[in-house]
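Participant: Can you read through this structure? Questions will come right after.
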Amino acid sequence: MSFWGIIGLIVLAVLVMGLLSMVFHIFFMFLPILLIIALIIWLIRHFSKKNRPSTARPRSSAYTTWQEKRSTRTKRKQARNVKTKDVDD
C-alpha cells in the first residue's frame, strides 16, 4: 500500500470518528430533555389514573368472592361414554 493510500485511510477514519462523535454528542445533548418529557408523561398518567376505573386485578377479598361466585355458577357435567386410549399403544 502506498503512502497516499495510508493517508487516505487515516483521513477516512478521522471523518468517520468525527461523524460518530457528533451523533453521540447530539444524542447526549437531547437525553436530559427526553428524560424530562418521559417524567412529565409518567406524572400525568400517574395522577390521572385515580379518576378512571381501574382495570387491574381486584383486591384479594373481592377476588376470592368473585372466584367463589364463578365456581358455583359454572359446574361441569360428568363426561359419559368416554373411552381413553393409552398413548403407547
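Participant: Looking only at the stretch 40-59, decide whether some residue is charged (D, E, K, R), open to solvent by less than 100 Å² (accessible area, probe 1.4 Å) and modelled with pLDDT of 70 or more.
Facilitator: No, because not a single residue in the stretch 40-59 is charged (D, E, K, R), open to solvent by less than 100 Å² (accessible area, probe 1.4 Å) and modelled with pLDDT of 70 or more.
Participant: Please determine whether any residue of the stretch 25-34 is part of a helix (DSSP H, G or I), open to solvent by 80 Å² or more (accessible area, probe 1.4 Å) and modelled with pLDDT under 60.
Facilitator: No - not one qualifying residue is present in the stretch 25-34.
The values are calculated or read from the model by the stated rules, or taken from the named source; none is laboratory data. Computed from a prediction, not measured in an experiment: that's the story for all the values here. Ligands, DNA and RNA are excluded from the accessible area calculation, which covers all protein heavy atoms including side chains. Shrake-Rupley method; radii C 1.70, N 1.55, O 1.52, S 1.80 Å.
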